[in-house]
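These notes concern the structure reproduced below.
The values are calculated or read from the model by the stated rules, or taken from the named source; none is laboratory data. Model, not experiment: these values are computed from the prediction. Cβ atoms come from the backbone with ideal geometry, glycine included; neighbour counts cover every protein chain shown. Side chains are part of the model used for accessible areas, which takes the heavy atoms of the whole protein and leaves out ligands, DNA and RNA. Shrake-Rupley method; radii C 1.70, N 1.55, O 1.52, S 1.80 Å.
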Amino acid sequence: METIEKMIEDFKKVLDDSTHTSPETLKHEMIQWLDETLSPRLKQVLEERETQSSSEQTVTPFVVSGKIDYEKVILKFGCTKIDESLIDRVERLTSRGAHVFLRRGFFYAHRDLDKILDCHERGDKFYLYTGRGPSSESLHLGHLIPFLFTKYLQEAFKVPLVIQITDDEKKIWKKLNKEKSKRLGRENVKDIIACGFDASNTFIFSSYATVGGKFYENVVEIADCVTVNKANSTFGFTGEASTAKMIFPSVQAAPSFSSSFPHKLFPDEKKNIPCLIPCAIDQDPYFRLTRDVAPRLDFIKPALIESKFFPALRGNNGKMSASDANSAIYINDSAKDIKRKINSAVTGGRDNLEDQKKYGAKLEEDIPFQYLSFFLEDDAELEHIKKEYGEGRMTTGDVKKRLVQVVTEIVERHRMARAAVTDEMVDAFMTPRPLFE
Ligand code: TRP
């Protein structure tokens, strides 16, 4: 790549060589050089920069950007790819087909999932742990995904589940005031309950309300194993990070250990009960750290099952952002909003019907098709759309229309379930009580 310095050198040379020419000729030569040499080179430099920065991927619990190469992420993090034989084993042990998110490769990485399956096969107990940082009034489809998947795991393995609402996290990271963070947390709990979790086997808790007693004892034990250097290298903290940021990872880690919960939740307090955490891959750093400290505290390392990210309506590189309501479909969007948003999604369809028929759609760039592959459960219909749309016999309009139907139905079902969630139900889910019964 030509550097800017080199271009300036070249420019000086042009001026030098021109000392004996008339001002008119000089002007002419300069313009010619600007047009023919500098301008194309600058353009090239800028283009190179652009492709470099857009291909550079960042995946941390705080920032996800660039075009994500998911194979690279697991290599970097050191987790393992979920293969067919592991999925087969899940199906065999649960006597049911794997969830679409698993069989279509959306949950694609794991740590020690095989050990959890061994444990289940022996007839031993394990529990599930997941969570949500309450940053918005209502959830969008992407937020719903880990919960829908967790619900499937709970049903398939018939195990207890704890869900942490990290109202403290959003106060620390998003500078939400704590009252708002608590309120959003409770609102989000309603959306979570509406996913259909087993009320007798699910405990939902807010960090603010729960950190104390056994839980706090474990937070301190964990935090005492983590040096400032370790926190800095794991999370990219610098000297400016507040000490609240330093302590929070231990708060997110603690629910991975069964002894963090009051005796009544997990009856045999002395016994370590293995834990499986369904989450998006950006949460891996928290649990890498948790797994590092576990043996030092005589705890079992939590196992993980990790997903890719749900794409934004604006395309694979766009982040679904809370400040841009049009980048995602929210669970409280009206049927009209859903239609409008889906119609404006980025697609891989061709510019005109003729080209579409000739070349077919670029499915890997097509957000409506990708959304269908999450939410359209019928494998045969999805396969049909893939073929017809990919080979140009179906139009973008047809695919969008089908997606509008599918999403509207999901959102409508969720809306009704949520309307039926009462404050008493929220309190019941959030009361510590014996699970495993
Ligand atoms: N940090 C997560 C978020 O920002 C919330 C969370 C807490 C979580 N504990 C978890 C997510 C366990 C997955 C698994 O939303």
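What is the gain in length, in nm to one decimal, between Asp351 and Asp224 on full extension, counting 0.36 nm per residue of separation less the C-alpha to C-alpha distance?
Result for the pair: 39.8 nm of gain on full extension.
May I ask you to give the average projected area over all directions of the convex hull of the Cα atoms of the chain, in nm² rounded to one decimal?
Value for the chain: 27.7 nm².
Which helices, counted as full DSSP H runs in the chain, have an axial Cα extent of no less than 18 Å and a Kyte-Doolittle average of -1.0 or above?
Within the chain the helices that satisfy the rule are 4-17, 141-157, 213-225, 396-419.
Quantify how much of the Cα-Cα distance distribution of the stretch 94-161 extends past 20 Å, in percent.
Roughly 34 percent, once rounded to a whole number.
Taking every pair of distinct Cα atoms and averaging 1/r, then inverting, what Kirkwood hydrodynamic radius in Å comes out for the stretch 236-315?
14.5
Using only the Cα atoms of the stretch 141-182, what are the Rg and Dmax in Å?
Over the stretch 141-182's Cα set, Rg and Dmax evaluate to 13.9, 38 Å.
Could you pull out every residue, at least 5 positions away or on a different chain, whose amide H is within less than 5 Å of the one on Ser206? Hs are placed 1.01 Å off N in the peptide plane, and Pro or chain starts have none.
Ile165
Please give the length that would be gained between Met425 and Glu391 if that part of the chain were fully extended, namely 0.36 nm times their separation in residues minus their C-alpha to C-alpha distance (nm, one decimal).
7.3 nm
If you stretched the chain out fully between Glu179 and Asn343, how much longer would it get, using 0.36 nm times the residue separation minus the C-alpha to C-alpha distance?
Working it through step by step, the gained length comes to 55.3 nm.
Set the Förster radius R0 to 35 Å, insert the Cβ-Cβ distance between Glu36 and Glu56 as r into 1/(1 + (r/R0)^6), and round the FRET efficiency to 0.05.
So, using R0 = 35 Å, E works out to roughly 0.65.
Tell me the carbon and sulfur percent of the accessible area for the chain, rounded to whole percent, probe radius 1.4 Å.
Heavy-atom surface of the chain belonging to carbon and sulfur, 1.4 Å probe: 52 percent.
Just need the relative contact order of the stretch 322-437 here, percent rounded to a whole number, with Cα pairs under 8 Å and 6+ apart.
The value is 26 percent.
Can you give me the relative contact order of the chain as a percent, contacts being Cα pairs under 8 Å and 6 or more apart?
17
For the ranges 418-427, 326-335, 271-280, what's the packing order if you count other beta-carbon atoms within 10 Å of each residue, average per peptide, and put the highest first?
Top of the packing list down: 271-280, 326-335, 418-427.
So for the pair Met416, Ala325, with labels modelled 7 Å out along Cα→Cβ, what separation do we get in nm?
2.6
Over 22 Å between Cα atoms, which of Lys67/Lys178; Lys125/Lys264; Lys182/Lys341; Lys336/Lys386; Lys341/Lys400 qualify?
Going by Cα-Cα distance, Lys67/Lys178; Lys182/Lys341; Lys336/Lys386 fall outside the 22 Å limit.
Give me the tail of P(r) for the stretch 287-402 as a percent: Cα-Cα pairs with distance above 24 Å.
42
In whole angstrom, how long is each semi-axis of the equivalent ellipsoid of the stretch 356-430, when you take the square root of 5 times every eigenvalue of its Cα gyration tensor and sort them from largest down?
36, 10, 9
For the chain, what is the mean residue ellipticity at 222 nm derived from helices alone (per DSSP H run of n ≥ 4: -39500 (n - 2.57); sum divided by total residues; nearest 500 deg cm²/dmol)?
That comes out to -15500 deg cm²/dmol.
Where only protein heavy atoms count, and the probe is 1.4 Å, what is the accessible area per residue for the stretch 382-437 in Å²?
58
For Gly131, enumerate residues with amide H under 5 Å from its amide H, sequence gap 5+ or separate chain, H modeled in the peptide plane.
So Gly131 has HN proximity to Gln164.
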